[in-house]
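The values are calculated or read from the model by the stated rules, or taken from the named source; none is laboratory data. Being a predicted model, the structure only gives us computed values, none of them experimental. Cβ placement follows ideal geometry from the backbone for every residue including glycine, while neighbour counts extend to all protein chains displayed.
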Ligand code: SAM
């Protein structure tokens, strides 16, 4: 393939190099700003999932103009990956799902909160659309969560979203915190991609909301933390345990002979009609289940076996 073939195929890729952006995604943020003026009056901004840094470059070029090329403007970029330095951008190599990362951001703002949070986060794509959409949705929720720690009331939040089949649930979650949520597809984002960007304006958390990044599955401090939460921070739904102690315990092993019941083996009522493992079972039965190394071996390797 020729050196310039990608330049020909992808005009934004070519323009990014011409204009000195580290990635073509720079144009997405520039185009979001053209429509929503998200940089107006912004002095403190957080770029979540920032590497290799084209969005941070845009922020630096747009916000640190004229007299403001000083401490007036603070840009903090966060990513799991290290990224090459950008003048005027403070980098945190960290995970956006961690409270420690939120605290570090606030430290850089000397205890103050951001005017704007942007997030172009993307997990490594698996190619399995349902899984990719699910992981992207989880990353967006993690970005929203850390944003509730670091964004000032009235601030804006921009994030990448995959418009998959369950996207309206995400919109509803964003609407809890932002009265105005729009979805924007920049021209530089390929039509073939389900990627778009949510522009969430005027951060207004529910009254009494306390940001919290605890994960009940991983952090086992239920008694200490969760039971002390009140108001909008604690949602309680009725928990109903059905039956009583006279029923069988589904976690216990019982002897085959139960009091008052004669044991007799019964085949399962309905076996699976077309189980996915059927073909493998058949191949194994006939010894045709090939081993990976047999498949990979080239025909000439099989023929020319060197003499010992
Ligand atoms: N906006 C960037 C730019 O313009 O150069 C491109 C961002 S790239 C599409 C997505 C980034 O998300 C990757 O660098 C990846 O490391 C980062 N990422 C994914 N999960 C993350 C997490 N939990 N915490 C921090 N960064 C994360």
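Tally time: how many residues in the range 101-130 are at pLDDT 95 or above and either in a helix (DSSP H, G or I) or within 9 Å of the ligand (Cβ to nearest atom) (or both)?
12
Name the single residue, out of those in the range 104-132 being in contact with a helix residue (DSSP H, G or I) (Cβ under 9 Å, 6 or more places away or on another chain) and free of Cβ contacts under 8 Å to residues at least 40 places away in the same chain, that is surrounded by the most Cβ atoms within 10 Å (Cβ to Cβ). Write out each step before concluding.
Step one: list which residues in the range 104-132 are in contact with a helix residue (DSSP H, G or I) (Cβ under 9 Å, 6 or more places away or on another chain), which gives 105-106, 109, 112-114, 116-126.
Right, trim to free of Cβ contacts under 8 Å to residues at least 40 places away in the same chain and you get 123-126.
Numbers: 123: 13, 124: 6, 125: 11, 126: 10.
Within the range 104-132, the match that is surrounded by the most Cβ atoms within 10 Å (Cβ to Cβ) is 123.
Which condition number does residue 157 fail, the rest of (1) under 24 Å from residue 76 (Cβ atoms); (2) assigned to a loop (DSSP other than H, G, I, E, B); (3) touching a strand residue (DSSP E or B) at 6+ places or on another chain (Cβ under 9 Å) being met?
Unmet for residue 157, out of (1) under 24 Å from residue 76 (Cβ atoms); (2) assigned to a loop (DSSP other than H, G, I, E, B); (3) touching a strand residue (DSSP E or B) at 6+ places or on another chain (Cβ under 9 Å): (2).
Looking for whichever is surrounded by 10 or more Cβ atoms within 10 Å (Cβ to Cβ) and modelled with pLDDT of 80 or more here; the options are 256, 245, 240, 289. Which one fits? Please lay out each step first, then the result.
Working: 256 fails: surrounded by 10 or more Cβ atoms within 10 Å (Cβ to Cβ); 245 fails: surrounded by 10 or more Cβ atoms within 10 Å (Cβ to Cβ); 240 fails: surrounded by 10 or more Cβ atoms within 10 Å (Cβ to Cβ).
It is 289.
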